[in-house]
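Everything below concerns the one structure shown next.
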Protein chains: 4
Amino acid sequence: MSKISVKHFNEAILSELPWGSDLGLRLDEVSHGKAVMRLPYDDRSTRPGGTISGPHMMLLADACMFAVVLTMIGDVRLAVTTNLNINFLRKPSQSDLIGTGNIIKLGKRLAVVEVDVTEESTGKRVAHVTGTYSIPPAAGES
Amino acid sequence: MSKISVKHFNEAILSELPWGSDLGLRLDEVSHGKAVMRLPYDDRSTRPGGTISGPHMMLLADACMFAVVLTMIGDVRLAVTTNLNINFLRKPSQSDLIGTGNIIKLGKRLAVVEVDVTEESTGKRVAHVTGTYSIPPAAGES
Amino acid sequence: MSKISVKHFNEAILSELPWGSDLGLRLDEVSHGKAVMRLPYDDRSTRPGGTISGPHMMLLADACMFAVVLTMIGDVRLAVTTNLNINFLRKPSQSDLIGTGNIIKLGKRLAVVEVDVTEESTGKRVAHVTGTYSIPPAAGES
Amino acid sequence: MSKISVKHFNEAILSELPWGSDLGLRLDEVSHGKAVMRLPYDDRSTRPGGTISGPHMMLLADACMFAVVLTMIGDVRLAVTTNLNINFLRKPSQSDLIGTGNIIKLGKRLAVVEVDVTEESTGKRVAHVTGTYSIPPAAGES
């Protein structure tokens, strides 16, 4: 079972990420080790061509990874990204983007998470992300 | 010599990145294969703790990589990021962030770029980024 | 359907990778966009502790990614790795390692592949890899 | 000043990496936070075309990163790679490869290291690597 709720993440945590809440970033679903996050299409997030920019895909993926980690360790704000690697796969349509994050490994000190970024309009994958989180002492699992 | 000017990048290119220009993102210096870009400190870019968020460091690095590539191939908007890898080194202070990008390799089809992200207040490195750009046919060098 | 056979890969391709064939590296299964490769346990591949070393996990993953790409474009030796990112998850047991590679995206110029490296003795994931291949002109798909 | 000597690394540490010593892998120089490592050209390390294979560049880079970390924390065998990201830049000549590693950040729990892989015959860069090491408790610096 997830150690955070969708409601708690969207209210208590996103409220501290003004750029995220301002863009309508929100968590749609969580379960233990899994999170689904949405970045609504917004003209302010575009690049030439009118689609959501690369940095906004990274923003969605980073927030999604954070949610995945919190589903397993609870609301530990001190968990921080240490590495993020993203491959951009195709130019998205003018569509909401969905980040689907899954835990790869939760260790005592590090968590490794994978996020698929898809466009909602077609379900096609537009980016693939892997990242590492540093877990504060006592919050991790072996 | 750079194939784009600071003025051209800041006026013609950033004007198409509303989220960048809105945050005051701007190119400070360019030379052939090198670009220095600035992300001003802004309360809207923060995370809990009041420092500039990870996604905003990625935004700065991605735009800086793009500028580095354009210094060598000119204003080719179709150059797109294919891979970005970032290591977060330390929590920045409440300071402008400076991205210093250098070309590692410009090939016919791919460019590899490295970006150091430092905080201006102390000059300390807060993130290190490497990325790959896909170069449209005919724009690259061997 | 795969555009290469297990037999062809193991005989014609691995024979040109002396370090791979010497270690008993071999392809076990292929289908379109998927490859399963094995690195047998060997005392010569170990690190302190007697388990297979990190570089040998990278070797397995890189060869597996190559096989995945060839299942889709056929025996195109000029396809070369341009980027590889690996997260090491846990120390493997003294066991054969299995690389299971799946295509993420095959484009005209680049292929993105994901490889899970597991230890056969327990089925546990020991490393996770994503990589990019450069596809020679005319061999790729859109 | 380096906390390990070239002699100690080449004798005490490489002797536990049979695949490295068998290929003649050796440390050439160390200073605090820096290491220069050599992989001699060897027919057994080649790929089609007769140049040193990608996996052998990764092997050189990983061992070089390890040496860089040990110059700062001493002979701590439990330091392990957690992430490695490599960009392949050009096909090397039939030449020894030189890995020049520099520390980017040594923290309490993680070290980030950068390695340039060059071919000795021309001095050209053939690969660029960044990696993360996990530092055992009490061995790191703040």
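The values are calculated or read from the model by the stated rules, or taken from the named source; none is laboratory data. What you see is a predicted model; the values in this text were computed from it and never measured. With ideal geometry, Cβ positions are generated from the backbone for all residues, glycine too; neighbour counts draw on all protein chains shown.
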- Could we say that D:Asn10 is crowded, with 24+ Cβ neighbours inside 10 Å and touching a Ser or Thr at 6+ places or on another chain (Cβ under 9 Å) here? no
- Item | Pairs, first over 26 Å from D:Asp22 (Cβ atoms) in segment C:2-27, second among the hydroxyl-bearing types (Ser, Thr, Tyr) and surrounded by fewer than 20 Cβ atoms within 10 Å (Cβ to Cβ), C-beta under 7 Å, six or more apart | C:Ser2/C:Ser31
- Message: For segment C:14-23, give me the residue count where each residue is in a helix (DSSP H, G or I) and under 14 Å from C:Leu60 (Cα atoms).
- Response: 6
- Query: Any idea which of (1) within 11 Å of another protein chain (Cβ to nearest Cβ); (2) surrounded by fewer than 18 Cβ atoms within 10 Å (Cβ to Cβ) is the one B:Ser121 doesn't satisfy?
  - Reply: (1)
- Take D:Lys3 and decide whether it is part of a helix (DSSP H, G or I) and modelled with pLDDT of 95 or more. no
- Note on the structure: Pairs returned, first residue in segment B:96-117 that is without any contact (Cβ under 8 Å) to a residue 12 or more places away in the chain, second residue that is not in a strand (DSSP E or B), beta-carbon separation under 8 angstrom, 6 or more apart or interchain, are B:Lys105/D:Leu89; B:Lys105/D:Arg90
- Candidate set: segment B:66-94, residues that are buried (at least 24 other Cβ atoms within 10 Å of the Cβ), hydrophobic (A, V, I, L, M, F, W, C) and facing chain A (nearest Cβ under 10 Å); chosen: the one farthest from A:Ala127 (Cα to Cα): B:Phe88
- Taking segment D:1-57 as the search range and keeping residues that are under 20 Å from D:Ile103 (Cβ atoms), in contact with an Asp or Glu (Cβ under 8 Å, 6 or more places away or on another chain) and not aliphatic (A, V, I, L, M), which one is farthest from the other protein chains (Cβ to nearest Cβ)? D:Lys3
- Query: Among C:Val36, C:Val30, which is farther than 30 Å from D:Pro18 by Cβ, modelled with pLDDT of 95 or more and assigned to a strand (DSSP E or B)?
  - Reply: C:Val30
- Output the strands (runs of 3 or more DSSP E) that fall wholly within segment C:50-142 and possess 1 or more residues being over 15 Å from the mean Cα position of the chain (by Cα) and of a type outside the set (Ser, Thr, Tyr), or say none. C:80-88, C:97-106, C:110-119
- Query: What do you reckon, is B:Ser53 modelled with pLDDT under 95, buried (at least 18 other Cβ atoms within 10 Å of the Cβ) and either within 23 Å of A:Leu17 (Cα to Cα) or among the acidic types (Asp, Glu) (or both)?
  - Reply: yes
- Given the conditions (1) touching a Gly at 6+ places or on another chain (Cβ under 6 Å); (2) surrounded by 24 or more Cβ atoms within 10 Å (Cβ to Cβ); (3) farther than 20 Å from D:Ile86 by Cα, report the number of the one that C:Leu97 does not fulfil. (1)
